[in-house]
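Below is one structure, written out as structure tokens; the observations come after it.
The values are calculated or read from the model by the stated rules, or taken from the named source; none is laboratory data. Everything numeric here is computed off the predicted structure, so don't read it as measured data. Heads up, the Cβs are rebuilt from the backbone with ideal geometry, glycines too, and the neighbour counts pull from every protein chain shown. Each accessible area value is taken on the protein alone, full model and side chains, heavy atoms only, with ligands, DNA and RNA left out. Shrake-Rupley method; radii C 1.70, N 1.55, O 1.52, S 1.80 Å.
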Amino acid sequence: MGTVLYEQDYYSWTQEQAHLLQNKRFEHVDIEHLVRELQLMGARERRELLSRLRVLLMHLLKWQYQPHYIGKRSWEKTIKVQRKELGFHLEDNPSLKVDIDKVLNRAYDLALDDAEDETGLPRHTFPSENPWSFEQLMDVEYFPEAHE
């Protein structure tokens, strides 16, 4: 029943699996799909970290390389929100910090693409490697100096 329900009504499947686990009816648990879903849950948390870092880094690049842009105030708000959300996310998932440098490097590469697209500046305008430490990225007082 579990496999069919998984394919036809995911929500109902999740409720059924939770009920089976709560009642210690382990012999009826859809182990194969449950394992898959747990792995996907972990991957989603890592992707959220990557996504939030990407947005933060892109806005810091725009902040630094387009210092006179008229919409700069909205970037400040985005930077503050991303920092706060990243803090909450890492508080809820502290083990994500283990690979933070690897995720940060990926996020920076993506942020470079985004910054190039959004600013119209060529990619070589920006540092080829992330210039900020994770501590700087999370520091609510830190904003990079303008690059004129």
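Overview of results
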quantity: Conditions (1) in contact with a His (Cβ under 8 Å, 6 or more places away or on another chain); (2) of a type in the set (G, A, S); (3) at pLDDT 95 or above: number failed by G2; calculated: (3)
quantity: Residue in region 9-18 that is open to solvent by less than 70 Å² (accessible area, probe 1.4 Å) and under 30 Å from P122 (Cα atoms) present; calculated: no
quantity: E48 among the charged types (D, E, K, R), part of a helix (DSSP H, G or I) and farther than 22 Å from N130 by Cα; calculated: no
quantity: Residues satisfying the stated conditions in region 119-133, i.e. at negative phi and either surrounded by 11 or more Cβ atoms within 10 Å (Cβ to Cβ) or more than 22 Å from the chain's Cα centre (by Cα) (or both); calculated: T119, L121, P122, R123, H124, T125, F126, P127, N130, P131, W132, S133
quantity: Condition broken by L110, with the remaining ones in (1) part of a helix (DSSP H, G or I); (2) within 20 Å of E141 (Cα to Cα) satisfied; calculated: (2)
quantity: Any hit, region 67-74, residues being over 17 Å from F134 (Cβ atoms) and either among the hydroxyl-bearing types (S, T, Y) or at pLDDT 95 or above (or both); calculated: yes
quantity: Count of region 134-148 residues which are surrounded by 12 or more Cβ atoms within 10 Å (Cβ to Cβ) and within 19 Å of the chain's Cα centre (by Cα); calculated: 5
quantity: Top-ranked residue in region 84-104 [being surrounded by 14 or more Cβ atoms within 10 Å (Cβ to Cβ) and not charged (D, E, K, R); ranked as nearest to Y142 (Cα to Cα)]; calculated: L86
quantity: Residues of region 52-83 classified as open to solvent by 50 Å² or more (accessible area, probe 1.4 Å), in contact with a helix residue (DSSP H, G or I) (Cβ under 8 Å, 6 or more places away or on another chain) and in a helix (DSSP H, G or I), total; calculated: 2
quantity: Residue check, H147 at pLDDT below 95, farther than 27 Å from G42 by Cα, in contact with a helix residue (DSSP H, G or I) (Cβ under 6 Å, 6 or more places away or on another chain) and outside any helix (DSSP H, G or I); calculated: yes
quantity: Selected residue [without any contact (Cβ under 8 Å) to a residue 40 or more places away in the chain and touching a Phe, Trp or Tyr at 6+ places or on another chain (Cβ under 8 Å)] from Q136, Q82; calculated: Q136
quantity: Residues located in region 32-46, provided they are surrounded by 12 or more Cβ atoms within 10 Å (Cβ to Cβ) and within 20 Å of V103 (Cβ to Cβ); calculated: G42, E45, R46
